[in-house]
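**Q** There's a structure below that I have some questions on.
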Amino acid sequence: MDYQKGDTPVGEGKTKFIWPVIGHEDLVIVENKSAITAHDDPNFTQQFDAKARYATETTCRIFELLRDCGVPVAYESQLSETMFLAKRSKMVALEIVARRLAVGSYLKRHPELVTVDPKQPHRFHRLCVEFFLKTTGRKWGELDLPCDDPLILNPEDATWNLALPKKPLWEEGGFAQVIASEVLPEGLTIRQLDELVRKVTLVLEKAWALLGITFVDIKIEVDSEGNVSDVVDNDSWRLWKNGDALDKQVFRDGGAAVLDEVERKYGFVAGMSRRLVRPSQILVFWRGSDKDEVPNLPELPGVKVEIITCSGHKQTNACLQQLERLLTAYPNGGVIITKVGRSNGLGPILASHSPWLVIATPSDLKNSPQDLWSSIDMPSQVPLVTGWPDGNAIDAAMQVLATTNPAVYAFYQLRREALEDYVV
């Protein structure tokens, strides 16, 4: 479909225009500018011609990855080198930040976490999430603020205390209060937004790690429907390659003098963003008999679940033919869980012929504990792994898939970091 933008923008920021779409009141066209900004100072703004193209390329590829990984986004599709289509919705006046490493303004609030080597910063075992009230002109309603985008000290409370984002918290403390319900739309909670930014961060953390790049932190904005909105580009995060910044920090530190280097790095990130994909994998639950019970199997983006019933002892050739079919259909890989009773012939046969991990789970271990030995006493070059009960075998299989699947990684890491006793 050919989408045409209207004559007058419905919104404009420092780095983009928001245009209405003729005949589609529920959509907008986002057009990126060639401007790069820093320090909330208009005098620091610079231009380079490729900025709009690089920002659009990065944003579109990131939104497509997030959508493929089950994250709700306002993005619809890319229209040109500098424009993309998105849902038209009301933005929530929050900037939501998630950090894996303590860098930037966080260290101004927490100087106790400054490390000797800035390339080896403090790492948060559980992602650190912060909320900032998004303001313009140091105003919020009738409040005059000492800065824009103040930190919200207590985001889960009904009344928010605001603080300076670049001062130690013990030095300044809070300076104003805002009612949370004046900012949050009905039906959208801070806990939902907290979980959303964690999922976004974990997806991107894994995706960039697969390309050898360290994902340090990110800032996102959301709409009233709980979709990740606005843009997510090289201005939105910190990325490091061997400790060196690939992102906007280069411009913050060097300004116009390093604009050529900034352009090269933005181009590199835009190019790499095309390689950020969610693979198509498979989790195979393979049982020797239809009497072997099938447990609840997870449904996650990018992972197809298939149940096969075929005996390793009695149908060896048929099992190997099934295996060849799976290896052909899923070049991105998979994991096979075998569940059998009595002597386990199925697991060793598949493990010795498959490049994928095979995990055996004895079907009747409680009543026939001797069956365990047929799954663990293996000859050489038969790398069969044994897991029990079924849930542990499934979790182990998904952990393997998570090493190359950002959606699976995000799901399980989010679950781990939600544990009350998870080390901070």
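**Q** Any residue at all in segment 184-199 that's under 20 Å from TRP240 (Cβ atoms) and either surrounded by fewer than 17 Cβ atoms within 10 Å (Cβ to Cβ) or of a type in the set (Val, Ile, Thr) (or both)?
**A** Scanning segment 184-199, I find at least one residue that is under 20 Å from TRP240 (Cβ atoms) and either surrounded by fewer than 17 Cβ atoms within 10 Å (Cβ to Cβ) or of a type in the set (Val, Ile, Thr) (or both), so the answer is yes.
**Q** Continuing with the same structure: Picking from ASP40, ASP49, which residue would you name as being closer than 27 Å to PRO150 by Cα, surrounded by fewer than 17 Cβ atoms within 10 Å (Cβ to Cβ), in contact with an Asp or Glu (Cβ under 9 Å, 6 or more places away or on another chain) and not assigned by TED's automatic domain parsing to the domain that holds ASP148?
**A** ASP40 is the lone residue from the list that is closer than 27 Å to PRO150 by Cα, surrounded by fewer than 17 Cβ atoms within 10 Å (Cβ to Cβ), in contact with an Asp or Glu (Cβ under 9 Å, 6 or more places away or on another chain) and not assigned by TED's automatic domain parsing to the domain that holds ASP148.
**Q** What helices (runs of 4 or more DSSP H) completely inside segment 349-424 contain at least 1 residues that are β-branched (Val, Ile, Thr) and at pLDDT below 95?
**A** Hits in segment 349-424: 373-376.
**Q** Still on this structure: Given ASP371, ASP390, ASP377, ASP364, which one is in the same structural domain as ARG287 (by TED's automatic domain parsing), in contact with a Leu (Cβ under 9 Å, 6 or more places away or on another chain) and of a type in the set (D, E, K, R)?
**A** ASP371
**Q** How about segment 241-262: which of its residues are buried (at least 19 other Cβ atoms within 10 Å of the Cβ) and either in the same structural domain as LEU188 (by TED's automatic domain parsing) or of a type in the set (Asp, Glu) (or both)? Show your work before the answer.
**A** The first filter runs over segment 241-262 and keeps only residues buried (at least 19 other Cβ atoms within 10 Å of the Cβ), leaving 246-251, 262.
If the condition is that a residue be buried (at least 19 other Cβ atoms within 10 Å of the Cβ) and either in the same structural domain as LEU188 (by TED's automatic domain parsing) or of a type in the set (Asp, Glu) (or both), then ASP247 is the only one that fits.
**Q** Now a separate question. With the structure loaded, tell me whether ASN43 is touching a residue at least 40 places away in the same chain (Cβ under 8 Å) and not basic (Lys, Arg) or whether it fails that test.
**A** Criteria not met by ASN43.
**Q** Next question. Taking PRO331 as meeting all but one of (1) under 30 Å from LEU246 (Cβ atoms); (2) touching a residue at least 24 places away in the same chain (Cβ under 8 Å); (3) surrounded by fewer than 15 Cβ atoms within 10 Å (Cβ to Cβ), write down the number of the exception.
**A** Exception for PRO331: condition (2).
**Q** Another one. If a residue must be under 25 Å from VAL262 (Cβ atoms) and surrounded by fewer than 17 Cβ atoms within 10 Å (Cβ to Cβ), how many such residues does segment 1-32 contain?
**A** Here the count works out to 3.
**Q** Would you check if there is a residue in segment 247-258 being under 21 Å from the mean Cα position of the chain (by Cα) and at positive phi?
**A** No, because not a single residue in segment 247-258 is under 21 Å from the mean Cα position of the chain (by Cα) and at positive phi.
**Q** Assuming ALA351 fulfils every condition listed in (1) crowded, with 17+ Cβ neighbours inside 10 Å; (2) of a type in the set (A, V, I, L, M, F, W, C); (3) more than 18 Å from PHE285 (Cβ to Cβ) apart from one, which condition is it?
**A** With respect to (1) crowded, with 17+ Cβ neighbours inside 10 Å; (2) of a type in the set (A, V, I, L, M, F, W, C); (3) more than 18 Å from PHE285 (Cβ to Cβ), ALA351 is out only on (3).
**Q** Okay, moving on. Can you report the number of residues in segment 264-278 which are of a type outside the set (A, V, I, L, M) and either modelled with pLDDT under 90 or crowded, with 19+ Cβ neighbours inside 10 Å (or both)?
**A** 4
**Q** Return the only residue of PHE84, PHE124 being of a type in the set (Phe, Trp, Tyr), buried (at least 17 other Cβ atoms within 10 Å of the Cβ) and under 18 Å from the mean Cα position of the chain (by Cα).
**A** PHE124
The values are calculated or read from the model by the stated rules, or taken from the named source; none is laboratory data. Please read these numbers as outputs of a predicted model, since none were measured by experiment. Methodologically, a virtual Cβ is constructed for each residue, glycine included, from the backbone with ideal geometry; neighbour enumeration extends over all protein chains shown.
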